[in-house]
Amino acid sequence: MHSKLFLVVNEDRFFLSHRREIALRAVQEGYDVTVVCKDTGQRSDIEDIGLHMLDLPINPTGEKPVQELHTMRFLYRLYRRERPDIVHHVGLKNILWGGLAARLARVGGVVNAVSGLGTLFIGDRLSIKARAILLVLRLSNRSHNVVTIFQNHDDEQLFLNYKIVRPEQCVFIKGSGVNLNEYSFSPEP
């Protein structure tokens, strides 16, 4: 039986442009991959490359508490029902709600990819909302089974300063990368 890997991203478009190669490589390595994202019309593109997709009820820019709780409840029920071996959350909202859902559902392995925290966390004084988000992140991420990938040191330092993760949980990469078979090198003009 193959290990189940769930890739949780905001939208199908973002998955196809930024995480498709990771998912396809995971399939090559023997994982049963399911993409969990909002369907904006590119579901068939994901299914055409041989991946399963589930529609994620998420408002990427929304701030309505009822919608946010619905997203978290959906992920919790999904993780409890499907029992994935690993969940890979991409983006702050998915890390926030998916991380909490994974902790409550006792998912064995969690990978969080922080691709930028945005303007909410800029400045010396954080808002009440930002502090609340950091508290939930601390509750869901300080566990031995969570690894967090950072693409900039400012985000990594914020997570360390607020004790969301421990240093041994951090992995730093310089970007998501590109498939050099599709995009060839060309010198700058």
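The values are calculated or read from the model by the stated rules, or taken from the named source; none is laboratory data. Fair warning: this is a prediction, and the values are worked out from it, not measured in the lab. Neighbour counts are summed over all protein chains in view; Cβ atoms, including those assigned to glycine, are modelled from backbone coordinates with ideal geometry. In case anyone asks, the SASA skips ligands and DNA or RNA and just uses the protein heavy atoms, side chains included. Shrake-Rupley method; radii C 1.70, N 1.55, O 1.52, S 1.80 Å.
Annotation note: Cβ proximity below 7 Å between a residue of segment 91-116 that is touching a residue at least 60 places away in the same chain (Cβ under 8 Å) and a residue that is of a type in the set (Ser, Thr, Tyr) (sequence gap 6+ or interchain) occurs for GLY91/SER115. For segment 21-45, a residue qualifies if it is over 19 Å from PRO84 (Cα atoms), part of a helix (DSSP H, G or I) and of a type outside the set (Ser, Thr, Tyr), and the qualifying residues are GLU21, ARG43, ASP45.
Criterion applied to PRO84, PRO60 was being part of a loop (DSSP other than H, G, I, E, B), open to solvent by less than 80 Å² (accessible area, probe 1.4 Å), of a type outside the set (S, T, N, Q) and modelled with pLDDT of 95 or more, and the one residue passing it is PRO84.
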